[in-house]
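K.L.:
Got a structure here, written out as structure tokens. Questions coming.
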Amino acid sequence: MELSLYERVKIHAMESDFSRLSLDGQEVVYMGQSITAPSRWDKKLLRHSFALYGLIKREVLQIRFHLESNQVIESKIFKGRYKSVSDYKSIMNTMLELESLSRKYGLKILKAEIAHTHLSECRIDKKNLKFCMLSESDLQVAKRLKQFRNYPIEIKAIAKDGLVFKKVF
């Protein structure tokens, strides 16, 4: 049975094969970003990146708010282009709509999750790492959003190869 890309990354982190790849408890960390295996929801979002049996490839984005009482509210799925999906203004407007909805329900926001897909290829072998991590632009959007929010904001990039890169602000 072949190991998943995430399992191979974890083995390299345990063996300290790459200096910037490490384990923090059960989490793999690379250059300040956590790397995890995709959840069921991450896989579902990734499937939306491939339309018409894979002929159309585009990044997609969805925002989820995790609320008290294990409630989750989600935005619609935003469809972008092959290498981009949204901007600060539309993300902020969507977050404001979700905040309003959470107030309507009377539930506190525990975390905002901004997830989008990356369609570049990730690879790992004995000598090289090629990850499609959160870009500097992704991180700047999250930092800017966090300035005006009093709850944690987790930004995620879901790679088509089965890795999820995330950072919490």
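The values are calculated or read from the model by the stated rules, or taken from the named source; none is laboratory data. No experiment lies behind these values; they were computed from the predicted model shown. Note that we place each Cβ from the backbone using ideal geometry, even for glycine, and neighbour counts take in every protein chain shown. Heads up: the accessible areas ignore ligands, DNA and RNA and are worked out on the full protein's heavy atoms, side chains in. Shrake-Rupley method; radii C 1.70, N 1.55, O 1.52, S 1.80 Å.
K.L.:
When you scan the range 23-39, do you find a residue that is part of a helix (DSSP H, G or I) and over 15 Å from the mean Cα position of the chain (by Cα), even just one?
P.N.:
No; the residues of the range 23-39 include none that is part of a helix (DSSP H, G or I) and over 15 Å from the mean Cα position of the chain (by Cα).
K.L.:
Residue check: is Ala13 among the small types (Gly, Ala, Ser) and buried (at least 18 other Cβ atoms within 10 Å of the Cβ)?
P.N.:
yes
K.L.:
Would you say Leu5 is surrounded by 13 or more Cβ atoms within 10 Å (Cβ to Cβ), out of contact with any Ser or Thr (no Cβ under 7 Å at 6 or more places or on another chain) and not acidic (Asp, Glu)? Show your work before the answer.
P.N.:
On the way: surrounded by 13 or more Cβ atoms within 10 Å (Cβ to Cβ): yes; out of contact with any Ser or Thr (no Cβ under 7 Å at 6 or more places or on another chain): yes; not acidic (Asp, Glu): yes.
Considered against the rule, which asks whether it is surrounded by 13 or more Cβ atoms within 10 Å (Cβ to Cβ), out of contact with any Ser or Thr (no Cβ under 7 Å at 6 or more places or on another chain) and not acidic (Asp, Glu), Leu5 comes out as yes.
K.L.:
Another question, if that's okay. Spot the failing condition for Met92; the list is (1) out of contact with any strand residue (DSSP E or B) (no Cβ under 9 Å at 6 or more places or on another chain); (2) under 30 Å from Val9 (Cβ atoms); (3) open to solvent by less than 40 Å² (accessible area, probe 1.4 Å), and only one is missed.
P.N.:
Checking Met92 against (1) out of contact with any strand residue (DSSP E or B) (no Cβ under 9 Å at 6 or more places or on another chain); (2) under 30 Å from Val9 (Cβ atoms); (3) open to solvent by less than 40 Å² (accessible area, probe 1.4 Å), the one that fails is (2).
K.L.:
Can you pull out the residues in the range 107-155 that are more than 20 Å from Lys76 (Cβ to Cβ) and of a type in the set (Val, Ile, Thr)?
P.N.:
Answer for the range 107-155, where residues must be more than 20 Å from Lys76 (Cβ to Cβ) and of a type in the set (Val, Ile, Thr): just Ile124.
K.L.:
With the requirement that a residue be within 16 Å of the chain's Cα centre (by Cα), open to solvent by 20 Å² or more (accessible area, probe 1.4 Å) and of a type in the set (Phe, Trp, Tyr), what does the range 54-87 give you?
P.N.:
Phe78
K.L.:
Separate question: If you go through the range 32-48 one residue at a time, do you hit one that is surrounded by 13 or more Cβ atoms within 10 Å (Cβ to Cβ), touching a Lys or Arg at 6+ places or on another chain (Cβ under 6 Å) and at negative phi?
P.N.:
Yes, the range 32-48 has at least one match.
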